[in-house]
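A.B. asks: Sharing a structure, written as structure tokens. Questions coming.
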Amino acid sequence: MSELTASPTAAPRLSLRPRPLAALAGAVTMSGRSLRMARRNVDVLLTSLLLPVLIMLLFVYLFGGAIETGTRYVTYVVPGVVLLSAGFGAATTAVSVTTDMTGGIIDRFRSLDVVGASVLAGHVAASVVRNLASTVLVFGVAFLIGFRPSAGPLDWLAAAGILVLFILAISWLSAAFGLLARSPEAAGGFSFLVMFLPYPSSAFVPIDTMPSWLQGFAANQPVTPIIETLRGLLLGLPLGSSPWKAVAWCLSILVASVAVSGVLFRRRTA
């Protein structure tokens, strides 16, 4: 009697070849999965929704009376808080991606007809949805405490476009950090970076009130032109070159993050 021996086969890799329809369907499925996971993680969900509101109330009612901006402080600070909210919400994507990469779920996806790009795209799409919900909440509270923009419908539409582009870019950047990190705790450190960046900008105080050695960085970092664009659109202020700089920064971050994420994902799932 002869023995039949079967050689072990390697676990299939997640497909990274362009398959637009499969990738789109997979991204929708993965987005729903990420949103369900966020809904079940109540403490993180509440923190991402309420922390930006608490920060806005803190600045408006505790520090606003001591900061001179030429207008009501709530009017000045809202664009910065909205961006801070988006950055914090996107940072949770890094933790979610790292959890997937280290928790064994990717091994399960290997046995399914899942396009690799849809895994990350699902996390990013869920991040955009969460951040838009947080942004609506921030604006709602801002209106209640006296925020009165003068923007028309087209201005609101342009501001929404800039904000969505920023959220998309920072979410993909967060996904890249999640692929680099080896533990969810390490990925959580990314939130410090994205929450810190708005502070040395025009988000909370005018740049000309900062020390001279800090003004150069504050004026030329990515967040400042985005905030100035939102502020100009919402309040009817001169925009100058801020919109073009904002779009350039967002697109640069987005393209670089997508490219890096693809390389890192391929290496982690090889």
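A.B. asks: Considering only residues of the stretch 179-206 that are without any contact (Cβ under 8 Å) to a residue 40 or more places away in the chain and part of a loop (DSSP other than H, G, I, E, B), which is surrounded by the most Cβ atoms within 10 Å (Cβ to Cβ)?
C.D. replies: Filtering first and then ranking leaves Pro200.
A.B. asks: In the stretch 115-138, is there at least one residue being closer than 19 Å to Leu237 by Cβ, at pLDDT 85 or above and in contact with a helix residue (DSSP H, G or I) (Cβ under 8 Å, 6 or more places away or on another chain)?
C.D. replies: no
A.B. asks: Further question: Identify, from the list Leu173, Leu230, Leu234, the residue that is at pLDDT 90 or above, within 13 Å of Thr93 (Cα to Cα) and either among the small types (Gly, Ala, Ser) or surrounded by 17 or more Cβ atoms within 10 Å (Cβ to Cβ) (or both).
C.D. replies: None of the other options fit; the residue is Leu173.
A.B. asks: Same structure again: Taking the criterion of being surrounded by 15 or more Cβ atoms within 10 Å (Cβ to Cβ) and at pLDDT below 85, would at least one residue in the stretch 68-83 satisfy it?
C.D. replies: Yes; the residues of the stretch 68-83 include at least one that is surrounded by 15 or more Cβ atoms within 10 Å (Cβ to Cβ) and at pLDDT below 85.
A.B. asks: Then there's this: Any residue at all in the stretch 168-178 that's in a helix (DSSP H, G or I) and out of contact with any helix residue (DSSP H, G or I) (no Cβ under 7 Å at 6 or more places or on another chain)?
C.D. replies: no
A.B. asks: Give the residues of the stretch 223-248 that are among the aliphatic types (A, V, I, L, M) and in a helix (DSSP H, G or I), sorted by residue number. First the steps, then the outcome.
C.D. replies: Looking only at the stretch 223-248, we keep the residues that are among the aliphatic types (A, V, I, L, M), and these are 223, 226-227, 230, 233-235, 237, 239, 246-248.
Correct list: Val223, Ile226, Ile227, Leu230, Leu233, Leu234, Leu235, Ala246, Val247, Ala248.
The values are calculated or read from the model by the stated rules, or taken from the named source; none is laboratory data. Only a predicted model underlies this, so the values are computations on that prediction, with no experimental measurement involved. Note that each Cβ is placed from the backbone with ideal geometry, even for glycine, and that neighbours are counted across all protein chains shown.
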